[in-house]
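S.K.: What follows is a single structure, and I will ask about it in a moment.
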Amino acid sequence: MEIVLKDRIKEAVKIIYNSEVNDDLIQIQETKKDFKGDFTLVVFPLLRFSKNTPEKTGETIGQYLKDNFNAVSGFNVIKGFLNIELSDAWWLEYFRKLTVEETHLEKCQVSNPETILVEYSSPNTNKPLHLGHIRNNLLGYSLYRILSGCGHRVVKTNIVNDRGIHICKSMVAWQKFGNGETPESSGMKGDHLVGKYYVLFEKNYKIQIEKLINEGMDEAEAKNSAPLMKETREMLLKWEAGDKEVFGLWKLMNSWVYAGFDETYKKLGVDFDKIYYESDTYKIGKDIVLSALNKKILYRNEDSSIWADLTQDGLDQKLLLRSDGTAVYMTQDLGTAVDRHNEYKFDKNIYVVGNEQNYHFQVLKALLKRMGYKWAEGLIHFSYGMVELPEGRMKSREGTIVDADDLIKEMQLTAREVSLELGKLSDFSDEEKEDIFRKIGMSALKYYILKVDPKKNMTFNPAESIDFNGNTGPFIQYTYTRIKSVFRKAKQMGINTEQVLFSGTKTGPKEIELIKLLCKFSETVSAAATGYTPALIANYCYELSREYNQFYHDFSILGEADEGVRNFRLVLSRVTSEIINEGMWLLGIEMPERM
RNA sequence: GGACCUGUAGCUUAAUUGGAUAGAGCAUCUGGCUACGGACCAGAAGGUUGGGGGUUCGAGUCCCUUCAGGUUCACCA
């Protein structure tokens, strides 16, 4: 609609003021709630053509639109703002088209679909997942749904950081202190078990460092020469050399971790099309680095470590291979990117990675470009903010890490508590109930995270449980189940809802308000896709639910005597439920039929 | 020290990318069930958008400055 209006206004300016105007001078926005009208033209930019006051210019254009465009039923000018009113008939016609859509994503389809890789999750195999990973996973998965919903070919990838010095730490600790403990013998989830040894390593390592410092060593040297660290470095060397025993242990412990991760992923409702392992890609990275060295793009230090000089790009020197020849993080990422492009020839490769790695991705892109990979332009760092606690970052040292599995469990327990208290599910089996509790709990958690602008840091307060009322996932689910309930009731009353057709004649302002919002769905999804912002959809779903609840409260649907009005309200309700459902689907949030 | 990011009601957060009187939720207070589902609805109160300058018809949004917090610049990942 905005585009149509824009063209009409351009036409108006041309005829009235005999001037061609640029599109960006015609600023159309939705009219604020406090004013009468549907769309608003900001007239200030047009004054240079009208050479008149804002009021007069607005009047003139408004009158022209009213006279020449039958969708425009009226207008008013307040200060420099021309509020354009569209006729109910126009809105109804627009809505009628929604009622016959197969899916409400039809209008979101892009004209030039791209191949897009979305990399998300990217766990380390030395620790279980925590709240930060939850945000990552939910954002990544939702991004996948949104982009593919708009017609792109999206590949969900995960790069598992399964090698490196930190992985060796938990291996060393397990060897020394583990006494052969396994997930089976301990009853612990595999990722948590391995995490336990990582923590154990850090604890003992710290003790060794302190001891050395007390013996007169300076801190840097102590960190370097603590026996545990020495053993770990030796293990990494052995690993890269393919030592059989080390490799066996590595495989075993990683298999425990993967079993644990799979459980958590399943609970979160996320999955992947292709999983990469850095234990594979680091080698490709090494080759790339060595060949770039031959081309003199990189240089070798006297201690034989290999570096890139990025000072011309405003960045620093960057180490790419250690003096002992082993790979670093950046080496792997170079390999992964090249490997992926060979396999998929992607247009875009989106990395869902926290904003603490902004610099890393700047360097990665600059390096690839320097090495001559043109497609590096398509690397996009989807940089999201950290999840913080009221007192700041989560710190493992202080034991303030919010564990993913614990939080998920807690959400579902709370959902059960709330539901049982309300007692609306007495005719369901225990299994069905548990499934509903799960959906409610997860929606509370997922919505809580996804409603926030991804770029911003967000705060999670463990002391306050995540809400189930107000601007929340369960509120939206509740609205949806209410509508479902209306239709169940309608069926009982013998109304054939399948055949209820749209016959929009008598509508009030509240219905029109709802219709306006429903019409905004597709543009909201498109905006979320181009701006990589699932939060827009989350907030839209909330706004729609709120609007519907007001309507529901103020008007009777099935109790309405006039059959035409009743049917219209039924159709309105149906489309609302469909759009809520699709919107939440794009966020990866499941909807129950009852709750 | 260099680079980058953030700062909005007591708390959690919106704001159509420079537009009108900064919008919600939670918490607090008040009202609404003879029900199509009260996980709801209506109302009250709560703001110098960290402070100060500037740019212009117009600034939470852009520029400068200052304060506070954070991230990063590792032979960690």
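The values are calculated or read from the model by the stated rules, or taken from the named source; none is laboratory data. On a predicted model such as this, the values are computed, not experimentally measured, just so you know. Note: ideal-geometry Cβ built from the backbone for every residue, glycine included; neighbour counts use all protein chains shown. Ligands, DNA and RNA are excluded from the accessible area calculation, which covers all protein heavy atoms including side chains. Shrake-Rupley method; radii C 1.70, N 1.55, O 1.52, S 1.80 Å.
S.K.: So, R0 is 22 Å and r is the distance between the beta-carbons of A:Asn496 and A:Lys107; what FRET efficiency does that work out to, to 0.05?
M.R.: 0.15
S.K.: Taking the Cα atoms only, what angle lies between the long axis of helix A:190-214 and the longest principal axis of chain A, rounded to 10 degrees?
M.R.: 50 degrees
S.K.: Residues of the range A:159-193 with amide nitrogen under 13 Å from the 7 Å Cα-to-Cβ point of A:Ile275?
M.R.: Within reach of a label on A:Ile275, which here means backbone N under 13 Å from a point 7 Å along Cα→Cβ, the range A:159-193 contributes A:159-162, A:191.
S.K.: How high is the FRET efficiency between A:Leu315 and A:Glu464 when r is their beta carbon distance and R₀ equals 51 Å, given to the nearest 0.05?
M.R.: 0.80
S.K.: Would you mind working out the accessible area per residue for the range A:2-86, using a 1.4 Å probe, and quoting it in Å²?
M.R.: 55 Å²
S.K.: Additional query: Using 0.36 nm per residue, how much length does the chain from A:Asp324 to A:Gln63 gain when fully extended, once their Cα-Cα distance is taken away?
M.R.: My answer for the length gained is 86.2 nm.
S.K.: For Cα pairs less than 8 Å apart in space and 6+ apart in sequence, what is the mean separation divided by the residue count of chain A, i.e. the relative contact order in percent?
M.R.: 14 percent
S.K.: Let me ask something else. To the nearest 10 Å², what's A:Arg393's accessible area with a 1.4 Å probe?
M.R.: Rounded to the nearest 10, the figure is 120 Å².
S.K.: Give the residue from A:Tyr277, A:Asn355, A:Phe261 lying farthest towards the positive end of the charge dipole for the range A:256-357; charges sit on Cβ (+1 for Lys and Arg, -1 for Asp and Glu) and the dipole is referred to the Cα centre.
M.R.: A:Tyr277
S.K.: Past the 26 Å Cα-Cα mark, which pairs from A:Lys251/A:Lys369; A:Lys189/A:Lys230; A:Lys189/A:Lys395; A:Lys196/A:Lys318; A:Lys33/A:Lys484; A:Lys318/A:Lys374?
M.R.: Exceeds cut-off: A:Lys251/A:Lys369; A:Lys189/A:Lys230; A:Lys196/A:Lys318; A:Lys33/A:Lys484.
S.K.: If r is the Cβ-Cβ distance from A:Asn179 to A:Lys251 and R0 is 22 Å, what FRET efficiency results, to the nearest 0.05?
M.R.: 0.65
S.K.: Related question: Restricting the count to DSSP beta bridges whose residues both fall in chain A, what percent are antiparallel, rounded to a multiple of 5?
M.R.: Taking every DSSP beta bridge within chain A, about 50 percent pair in antiparallel fashion.
S.K.: While we're on this one: Ranked by accessible surface with a 1.4 Å probe, highest first, in what order do A:Trp375, A:Trp307 come?
M.R.: Solvent-accessible surface, decreasing: A:Trp307, A:Trp375.
S.K.: Nothing charged except the Cβ atoms of Lys and Arg (+1) and of Asp and Glu (-1): what's the magnitude of the dipole of chain A about its Cα centre? Round to the nearest 20 debye.
M.R.: That gives a dipole near 720 debye.
S.K.: Compare A:Asp562, A:Asp191 by solvent-accessible area with a 1.4 Å probe and give them largest first, with all protein chains kept in place.
M.R.: Descending order: A:Asp562, A:Asp191.
S.K.: With just the Cα atoms defining each centre, how far is the range A:23-83 from the range A:350-367? Give it in Å.
M.R.: 44 Å
S.K.: How large is the charge dipole for the range A:119-239, taken about the Cα centre, if only the Cβ atoms of Lys, Arg (+1) and Asp, Glu (-1) carry charge, to the nearest 20 debye?
M.R.: Dipole about the Cα centre, nearest 20: 500 debye.
S.K.: Give me the three principal axis extents of the range A:164-272 from the C-alpha atoms, as integers in angstrom, largest value leading.
M.R.: Extents along the principal axes: 52, 29, 28 Å.
S.K.: So, one more: If I compute solvent accessible area with a 1.4 Å probe over the protein chains, what percent of it on chain A is carbon and sulfur?
M.R.: Roughly 49 percent of what the probe reaches on chain A is carbon or sulfur.
S.K.: Further, regarding this structure: Using +1 at the C-beta of Lys and Arg and -1 at the C-beta of Asp and Glu, which of A:Met217, A:Gly164, A:His192 has the Cα lying farthest in the positive direction of the dipole of the range A:164-272?
M.R.: My answer, from the dipole projection, is A:His192.
S.K.: Right, here's the next one. Once you list every other residue whose beta carbon is under 12 Å from the beta carbon of A:Phe261, what net charge do they have if Lys and Arg are +1 and Asp and Glu are -1?
M.R.: -2
S.K.: With every protein chain kept in the model, how would you rank A:Thr311, A:Thr157 by accessible area, 1.4 Å probe, largest at the top?
M.R.: A:Thr311, A:Thr157
S.K.: Could I ask something else about it? With +1 assigned to the C-beta of every Lys and Arg and -1 to the C-beta of every Asp and Glu, and no other charges, what is the dipole magnitude of the range A:207-321 about the Cα centre in debye, to the nearest 20?
M.R.: My answer is approximately 420 debye.
S.K.: Round to a whole angstrom and tell me the spacing of the C-alpha centers of the range A:232-261 and the range A:524-559.
M.R.: Taking the Cα centre of each part, the range A:232-261 and the range A:524-559 sit 49 Å apart.
S.K.: Mind pulling the angle between the C-alpha long axis of helix A:509-519 and the longest principal axis of chain A? Nearest 10 degrees, somewhere in 0 to 90.
M.R.: 40 degrees
S.K.: Next up: Given the whole protein assembly as supplied and a 1.4 Å probe, what does the accessible area of A:Ile159 come to in Å², nearest 10?
M.R.: 10 Å²
S.K.: With each pseudo-label sitting 7 Å past Cα toward Cβ, what's the A:Ser429-A:Thr400 distance in nm, one decimal?
M.R.: 4.6 nm
S.K.: Further question: Taking only C-alpha pairs under 8 Å that are 6+ residues apart, what is the relative contact order of the range A:432-571 in percent?
M.R.: Taking the mean separation of contacting Cα pairs over the length of the range A:432-571, I get 32 percent.
S.K.: Moving on. Roughly what % antiparallel, to the nearest 5, for the DSSP beta bridges in the range A:25-168?
M.R.: That works out to approximately 70 percent antiparallel.
S.K.: A further question follows. Leaving ligands, DNA and RNA out of it, work out the accessible area of A:Glu240 with a 1.4 Å probe and give it in Å² to the nearest 10.
M.R.: For A:Glu240, solvent-accessible area is about 40 Å².
S.K.: Under the 0.36 nm per residue contour assumption, what length would be gained going from the current alpha-carbon distance of A:Gln27 and A:Asn342 to full extension?
M.R.: Value of the extension gain: 109.0 nm.
S.K.: Can I ask one more? Figure the gain on full extension for A:Lys14 and A:Leu290 (residue separation times 0.36 nm, minus the Cα-Cα span) and round it to one decimal in nm.
M.R.: Additional length available on full extension: 93.1 nm.
S.K.: Measuring with a 1.4 Å probe in the full set of protein chains, what accessible area per residue, in whole Å², belongs to the range A:164-272?
M.R.: With all protein chains present, the range A:164-272 gives 52 Å² per residue.
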